[in-house]
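Colleague: Dumping the structure here so I can ask a few things about it.
The values are calculated or read from the model by the stated rules, or taken from the named source; none is laboratory data. Here the structure is a predicted model, which means the values were calculated and not measured. Because the Cβ atoms are built from the backbone with ideal geometry, glycine has one as well, and the counts that use them run over all protein chains shown.
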Amino acid sequence: MSEKRKREPEKRKREPGQENAVFVGRRPTMNYVMAVMMVLNKGVDCTVKARGKAISHAVDICEILKNRFLKGVEYKDISITTEVLTGEEGRQNNVSSMEIVLSPPK
């Protein structure tokens, strides 16, 4: 008899300096809003990072946080870049990426 094992997702180790970064993906908006709020409540800057279609989701997260939850939050920096990703077949694709740095309320 074979046992079915539940496969644990691998946790990626964050690079140094990314402890206060939130990577936006497919989860519900409020999950990311709460994650960013937890970082900002420590009194440090938080970086919201997104690629591709998730960029609009990241902007929504920052606006919800700024207008509804933490009124004193300000945008410290916004950077827009293009990343070159290599696919399985060796083909290179350009993907837009955005980083929004939020500073905590004073």
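Colleague: Within the range 59-93, which residues are touching a residue at least 40 places away in the same chain (Cβ under 8 Å) and in a strand (DSSP E or B)?
Modeller: Those that are touching a residue at least 40 places away in the same chain (Cβ under 8 Å) and in a strand (DSSP E or B): none in the range 59-93.
Colleague: Looking at V101 and the list (1) surrounded by 12 or more Cβ atoms within 10 Å (Cβ to Cβ); (2) assigned to a helix (DSSP H, G or I); (3) not charged (D, E, K, R), which single condition is not satisfied?
Modeller: (2)
Residues checked against (1) surrounded by 16 or more Cβ atoms within 10 Å (Cβ to Cβ); (2) modelled with pLDDT under 95:
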| residue | (1), (2) |
| --- | --- |
| F23 | yes, no |
| Y32 | yes, no |
| V48 | yes, no |
| A58 | yes, no |
| E63 | no, no |
| F69 | no, yes |
| G72 | no, yes |
| K76 | no, no |
| T82 | no, no |
